[in-house]
Amino acid sequence: LNGIGEPLLHPNLEEFIRRANRELPHNAWVGFQTNGLLLNRERALSLVEAGLSRICLSMDAISRDTFRRIREGGEVRDLESAFSALNAAVKSANGHTRRRLEIGIEFVLMRDNIRELPAALRWAGRRGASFALVTQLLPYDKAMVSKAAYDTNTLAAVGVYERWKTKARGEGLDIRDYLDMLTRVSRTPQ
C-alpha cells in the first residue's frame, strides 16, 4: 500500500488494509513502507487491528550524524519510537488478528552510509525486525550521483539513453522530464 509519498498520511489507510485483507487470498500479505514518524502506540494498534501483516521502516543510517545528514530533520530515536509502538501493538493485539505483524527495515545503500549497514541490521534485529531490504540509491538529480555506492551507467545504457533522447527531441519531448512526459505521451509497442 505505498507508492510515492508517506502511507501514514492517508486518513483511510486502515480501511484500505481491511479491504485488501477481504479481497486478497488468505495467504496474501498487506503492507507498506514508511519513515515511521507518525507511528505512535494508538496508530500502531489501529494498523495491527486492521490486519496489517508487514511494515517496513526506512532506516538509512544508525549513527545520529549520518542519519540527520541523509534524512533532514530525522532522528534515530524516531525509529526507536516506531519499533516500540509496533511491538506494543503486536503484544496488545495478541491472538486477535489473522497473523502476526512482520516488522522490517529498508536501508538505501550509498557511499555515505555503507559502513553502517552491519550495525543498522543488528540494531533493527534487536528491536524485533524480521527482515531487511537493502536497495541501491538511484540518483534523481546530478547532486546525488556522487552518493551512489556504485555506478549503474554503462556505456551501453548511456547509448540507449542518447538514442532515445535524440528521438524524443525530434518529437518535441525532453526525456529528462520523465514525470511530465508520462502525463502527455501514451506508450506504444516501440
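The values are calculated or read from the model by the stated rules, or taken from the named source; none is laboratory data. From a predicted model like this one, the values you see are computed outputs, not experimental measurements. Ligands, DNA and RNA are excluded from the accessible area calculation, which covers all protein heavy atoms including side chains. Shrake-Rupley method; radii C 1.70, N 1.55, O 1.52, S 1.80 Å.
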Gaussian network model of the chain, springs between alpha carbon atoms under 10 Å - residue of Asn12, Asn113, Asn27 with greatest fluctuation: Asn27
Listed residues Ala28, Ala157, Ala44; largest mean-square fluctuation, Gaussian network over the chain with Cα springs below 10 Å, found at Ala157
Taking Cα atoms, the helix 155-170 axis meets the longest principal axis of the chain at an angle in degrees (rounded to 10) of 70 degrees
Fluctuation leader among Ile55, Ile103, Ile70 - the chain, Gaussian network, Cα springs under 10 angstrom: Ile70
Calculating mean projected area of the Cα convex hull in nm² from this structure picks out, from (1) 13.9; (2) 15.7; (3) 11.6, entry (1)
Heads up, I need the accessible area for Trp29: 1.4 angstrom probe, whole protein in place, Å², nearest 10. 120 Å²
